[in-house]
Amino acid sequence: MFSVIIVPDGCRGPEEQYRLEPGHTLRFGRSAPAGNGLTLSHPGVACAAGEITATGAFWILTNFSSDQTYLVENPESAGEHIRVAPGRADAPVPFEFARVHLCAGESRPGCGFDVLAPRHDYLTPCGSLIGGPVGDGAGVDGPRADGARGAEDWSFDPFPRPYPLDHTCHYFLVLTALCEASLRTGEAPAVPVPDVAELTERLRPVWPDVTPAAVAWNIDYLRVKLRLRTPDDPETVREALVRFALRFDLVQEGHLAVLEGQLV
């Protein structure tokens, strides 16, 4: 199962993406290996610019350049980024969504590509607290010197969730909006699933710059992340996502609150 997806600028579909399984590497540059690398025609990119190596839950970036620093930003956050210095080997990138900026000039646009890591895992709270119920004075950093514990001092299941979702990402907003009507009525099989236009309008109060294209992209990403095998028909995909999310409690009634608050 692949753990990293590299999406070149101008990519027109999955057939133009690069999908890496854990341990596999993709080199990129102005003259990348034919058939086994990502070629970037920008004149500011080195012939051999770098490589990406996939792991199970993140990826690492090596910068072959001797004079260019690469910027890797998380487009889902407010300015979160890392810099990979010239010659830096095996820099770990923790973002599920990342934009890699290789170069930028005053007279021409910059160059880069997107990297997706859909296999990010999250631990599952056991549902009980170490040291007593909520409100017993525990701290978030574990036991205090006086032996007391805080309300957020959870114990965790050592196994990751089978279908990990980051509740701060746009894709979770989209999935919640898809499931909203079914959760509010309790009639999942009978409630029509909203289309992209309806989802866009529903999400605009909490995602002001949302577009139909962004909603459609997140729906496609959810299909990849949750490993659903469905026909390419958009309505079928949306219906399958709702059935799957409700079946495995990926979205519950309490999650509807994210539709009322600003996603940061």
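Quick notes on this structure:
- Computed lengthening from His101 to Ala48, 0.36 nm per intervening residue step minus Cα-Cα distance: 17.6 nm
- Seen from every direction in turn and averaged, the convex hull around the alpha carbons of the range 170-260 projects onto 5.3 nm².
- Relative protection proxy for 84-94, 228-238, 214-224, 63-73, from highest mean packing down: 214-224, 63-73, 84-94, 228-238 (other beta-carbon atoms within 10 angstrom).
- Placing unit charges on the Cβ atoms only, positive for Lys and Arg and negative for Asp and Glu, gives the range 189-252 a dipole magnitude near 340 debye about its Cα centre.
- Extending 7 Å from the Cα toward the beta-carbon at both Arg204 and Arg227 defines two label points whose distance is 3.8 nm.
- Cβ charges +1 (Lys, Arg) and -1 (Asp, Glu), total dipole of the range 1-88, debye: 220 debye
- Distance between the range 6-51 and the range 55-101 - C-alpha centres, whole angstrom: 15 Å
Where a number appears in this text, it was derived from the coordinates with a stated rule and is not lab data. Just so you know, these numbers come straight off a predicted model, no measurement behind them. Every residue, glycine among them, receives a Cβ derived from its backbone with ideal geometry; neighbour counts consider all protein chains shown.
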